[in-house]
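Note sheet for the following structure.
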2 protein chains.
Amino acid sequence: VALARTGRGDHIATQLAAIVGADGVTTGAAIAEEDTHDEALTASAVRPLAVVRPTSTEQVRELVVLAAREGIPLVARGSGTGLSGGCRPEPDSVVVAFDRMDRIVDIDRPNQVAVVQPGVTLAALDAALAGSGLLYPVYPGEMSASLGGNVATNAGGMRAVRYGVTRQHVLGLEAVLGTGEIVRTGGRFVKSSSGYDLTQLIVGSEGTLALVTEVTVKLVPRLPYSTTLLAPFGDLDALAGAVPTVVTSGVAPLILEYIDATAMTGIAAAMDLELGVPDEVRATAAAYLVVVLEATREDGLEADVATVAAVLTASGAAEVYVLPALAGAALISARERAFFVAKAAGADDIVDAVVPRGAVFDFMAEAARLATRWGAFASACGHVGDGNVHLSIFQPDPAARHELMAAIVGTALDLGGAVSGEHGIGTEKLEYFLATEDPVKLELMRRIKAAFDPDGVLAPGRLLDRGPSH
Amino acid sequence: VALARTGRGDHIATQLAAIVGADGVTTGAAIAEEDTHDEALTASAVRPLAVVRPTSTEQVRELVVLAAREGIPLVARGSGTGLSGGCRPEPDSVVVAFDRMDRIVDIDRPNQVAVVQPGVTLAALDAALAGSGLLYPVYPGEMSASLGGNVATNAGGMRAVRYGVTRQHVLGLEAVLGTGEIVRTGGRFVKSSSGYDLTQLIVGSEGTLALVTEVTVKLVPRLPYSTTLLAPFGDLDALAGAVPTVVTSGVAPLILEYIDATAMTGIAAAMDLELGVPDEVRATAAAYLVVVLEATREDGLEADVATVAAVLTASGAAEVYVLPALAGAALISARERAFFVAKAAGADDIVDAVVPRGAVFDFMAEAARLATRWGAFASACGHVGDGNVHLSIFQPDPAARHELMAAIVGTALDLGGAVSGEHGIGTEKLEYFLATEDPVKLELMRRIKAAFDPDGVLAPGRLLDRGPSH
């Protein structure tokens, strides 16, 4: 079997090299370890048949045609920063890595859009926008993430409470269907009622409908003033009351994060954070709210800060700290690393379920109860203004953890939520998704998949596990 | 043939009445004239087999099952305020009118969402939100429009420049597929990465994929302060320069409308508007910008007004009028009626093409040249901040007008735009859409249609003219 697979691998590698050049293909032991997984805590590394790195849309098209002819599944890979195994290879798959398609095609200031290849990272786009007065506001917290990967998972992040997620910023795509056909969807316009919104359908489809080869995103004005507020709460009920008041205040915070005491202790220690919170306040804090405000004018910002500080104080915050600029940036930067801090502390899985905003504290309370029941510990940190607080689950026993995860996901769904708020389903949440999604909708999605990819070339088995039944 | 059709009509009417009750069905001469068309200037009235008025999702499901069995096309109808013929009956169709499904299911303040049946009008929803501090911000300018109709066409309107269009506000749907299956998509949460976004696919699909039986929309804080600015420009190039400056100023106007001199004269006369613009300014004005600003605080609003007034003045506005509240409201109300003013003045068709923001003045200039070439006149009024300025076309000769419309749509597409920005394709823009859309995408959309509606029950012939070819 090993020999047969090697033989097939060689045969495929030759054909792949004919498309992308020999330096664009790796196979066997030459495949880099980092290409065999993403950052999901639970996903094991899987070595594919080959990893191929196209440099053009035409090469991607030829790869799809080859894959369809040879019956080889293709798994797309951006920067590999995903947390659900979305780019994890299958043993018999070819990974299409987009890091060589990393050209910023256009920064179009009159239309306030950027056009990028999928391998462009958020850091590269942000650098290209410096001085333009414009911002791509989606901020999943990992600037090495690629735009293509963000499109595949519909990435969210800390600024979603103000600006929305990737979906709300993608105006158009170029993509290769499973048929090998190339389509261009949407454009540099901000609205349209001209047929089905193929752009929105492809965003979040995790590489199962099409391989995205170009992304057109909407930009927003980069506001010059911002301030970070930090509010420790001794009482979780008081914090729970503060959140909707801030959200509906009209002030529209850029960031509204919840960090429980465990997570704050972890990131503060790991990142050497000095926020000026006295020990006695820290000792009694059950959790923290972090609010970042931004404004076009300094006086407007000051007024917004006063409004939010008053709301937080009236809601029962132990203190409200208006952080100096450097400390504020350090806190947000530390918050960005919360996942890696949890990972280093031994977290075994991450819950990314989303619930209606008003249900997020019920969700966290029930998750904590469930964690106790399964002999586990859960630490919470995340996008409380969006009903999407991530839970780091500490329970090394896979069976117990699995049952706990299923129970927590079930709680989220009972509260009217969904399995994933922003990380996607990937390989690691697929079981929970398939177990809980309406079978009628799964069949509908399978038929939609077949419309894009009739031969099942693109990440077969992902999201939907199989084709439509008839 | 008439007798045969009458016989079939009777047979169908009996079965329809068994589902919705006798008082929910009209046939033949009993069909109200207003049910035979929408507001599209070019659409003629068409009498369907029957008009049926369900009161529940279950009735809608039974109607779809009946229609599939009998091979009868179903055409959905909201309030009939559309401008593209989207709800125009076909002679052999049954119209499913949703005006009896007009219940506001829930105003959910903790989650900042409203859940409504499709027949709820924008006016009814706005009234239900009074005093809640929350607003459904989509404002197509016709408050008798229904939410279901807005979802079908992905309605836009004046506030889209600030808040986006219907698509950006629909969080979830209940809908009946062409198979008779009922699905619930999305929910009361604001983000998700859990499978294909069926909600976004159904929004804007003009009744061809599913019949929507419930809509969950996102609400925003209702800001207490607003001001309207009116800026006449003698020079169109100066006005063109002002628009991107306002859009990127960070002030985020609620409304940014362009009204050319002809349209302003028309609406001012029709609505008896007194805006305090002296005759000598009016005489030299080529066009006007209307900017509405809103804010959480009065001093913030004043600062924003000063910013925008300075931008407009620096850009070459002849004057900048900060209108008293009543005059501002009267102007926006008059702008809402611009379509009916144009209609009364004899307009023969409306262009709703959208282009990239930065191309909208090139588009209008070329459209004016084309109008002259075809012996027509075009008056422009609309959403300049979104690249979606509507053109009223005055050319009574159908053949000349048709050629002109095709040429103008072609110009929009050459500039990177799309056929419809917010009115939808319906029956009246279908020819332009089919002639210009990529055949690969049309075939893909036909396959998607087949995934939802394999028997072609829902508005067959709309958007895609036929099923997929194999």
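Taking every alpha-carbon pair under 8 Å whose residues sit at least 6 apart, the stretch A:1-116 reaches a relative contact order of 25 percent. Listed cross-link partners A:449/B:449; A:343/B:191; B:218/B:449; A:218/A:449 are compared with a 18 Å cut-off, the Cα-Cα value being larger for A:343/B:191; B:218/B:449; A:218/A:449. Going by a ≥ b ≥ c, the root eigenvalues of the Cα gyration tensor, does the stretch A:20-119 fall in the rounded group (a/c under 1.5), the prolate group (a/b larger than b/c) or the oblate group? Taking the square roots of the gyration eigenvalues as a ≥ b ≥ c, the stretch A:20-119 is oblate.
In this calculation the C-beta distance from residue A:65 to residue B:279 is compared with R0 = 45 Å, giving a FRET efficiency of 0.10. Counting from the shortest, the label point at residue A:325, 7 Å from Cα toward Cβ, is 3.9 nm from the same position in each remaining copy. Taking the Cα centre of the stretch B:317-470 as origin and assigning +1 to Lys and Arg Cβ atoms and -1 to Asp and Glu Cβ atoms, the resulting dipole is close to 140 debye. Taking each residue as 0.36 nm, the span from residue A:397 to residue A:269 lengthens on full extension beyond its C-alpha to C-alpha distance by 43.4 nm.
Normalised by the number of residues in chain B, the average gap of Cα pairs under 8 Å and 6 or more apart makes the relative contact order 16 percent. Quick one: net charge of residue A:202's neighbours, Cβ under 11 Å, K/R +1, D/E -1? Surrounding charge for residue A:202 is -3. Extension gain, residue B:92 to residue B:235, is 46.3 nm, computed as 0.36 nm per intervening residue step minus the present C-alpha separation. The calculated FRET efficiency for the pair residue B:10 and residue B:32, based on their C-beta separation and a Förster distance of 22 Å, comes to about 0.70. Plainly put, the tip 7 Å out from Cα toward Cβ on residue B:237 is 6.8 nm from that tip on each other copy, the closest given first. Label-to-label distances for residue A:314 across copies, nearest first, come out at 3.6 nm, using points 7 Å from Cα in the beta-carbon direction.
Annotation note: trypsin sites (Lys or Arg not before Pro) in the stretch A:362-470 located in DSSP loop regions with a Cβ neighbour count of at most 16 within 10 Å are A:466. Taking one quarter of the surface of the C-alpha convex hull of the stretch A:334-416 gives a mean projected area of 4.9 nm².
Is it possible to state the helix-based mean residue ellipticity at 222 nm for chain A, with each DSSP H run of 4+ residues giving -39500 (n - 2.57), the sum divided by total residues, to the nearest 500 deg cm²/dmol? What is it? Rounded to the nearest 500, the figure is -11500 deg cm²/dmol.
When each of the peptides A:313-321, B:206-214, A:85-93 is scored by how many other beta carbons lie within 10 Å of its residues on average, the order from highest to lowest is B:206-214, A:85-93, A:313-321. Peptide A:195-208 has a mean shielding of 6, counted as Cβ atoms of other protein chains within 10 Å of each residue's Cβ. Against the main long axis of the alpha-carbon atoms of chain B, helix B:325-336 sits at an angle near 50°.
Helix A:2-20 and the longest principal axis of the Cα set of chain A meet at an angle near 80°. Within 10 Å of the Cβ of each residue in A:246-257, the mean number of Cβ atoms contributed by other protein chains is 3.
Scanning chain A for the beta carbon that comes closest to the axis linking it by rotation to B yields A:200, 2, distance in whole angstrom.
The charge dipole of the protein assembly as shown, taken about the Cα centre with unit charges on the Cβ atoms of Lys, Arg (+1) and Asp, Glu (-1), comes to about 1240 debye, rounded to the nearest 20.
When +1 charges are put on Lys and Arg Cβ atoms and -1 charges on Asp and Glu Cβ atoms, the dipole computed for the stretch A:147-229 relative to its Cα centre reaches about 480 debye. Normalising the average separation of contacting C-alpha pairs (under 8 angstrom, six or more residues apart) by the number of residues puts the relative contact order of the stretch B:179-304 at 34 percent.
Helix A:261-271 sits at what angle to the longest principal axis of chain A, using alpha carbons and giving 0 to 90 degrees rounded to 10? Rounded to the nearest ten degrees, it is 70.
Shape of chain B from the C-alpha gyration tensor: prolate (a/c of 1.5 or more and a/b above b/c, with a ≥ b ≥ c the square roots of its eigenvalues). Averaged over the residues of A:348-358, the number of partner chain Cβ atoms lying within 10 Å of the residue Cβ comes to 4.
FYI, it's all coordinate maths here, none of it is from the lab. Just so it is clear, the model here is predicted, and its values are computed rather than measured. Virtual Cβ from ideal backbone geometry, glycine too; neighbours counted across all protein chains shown.
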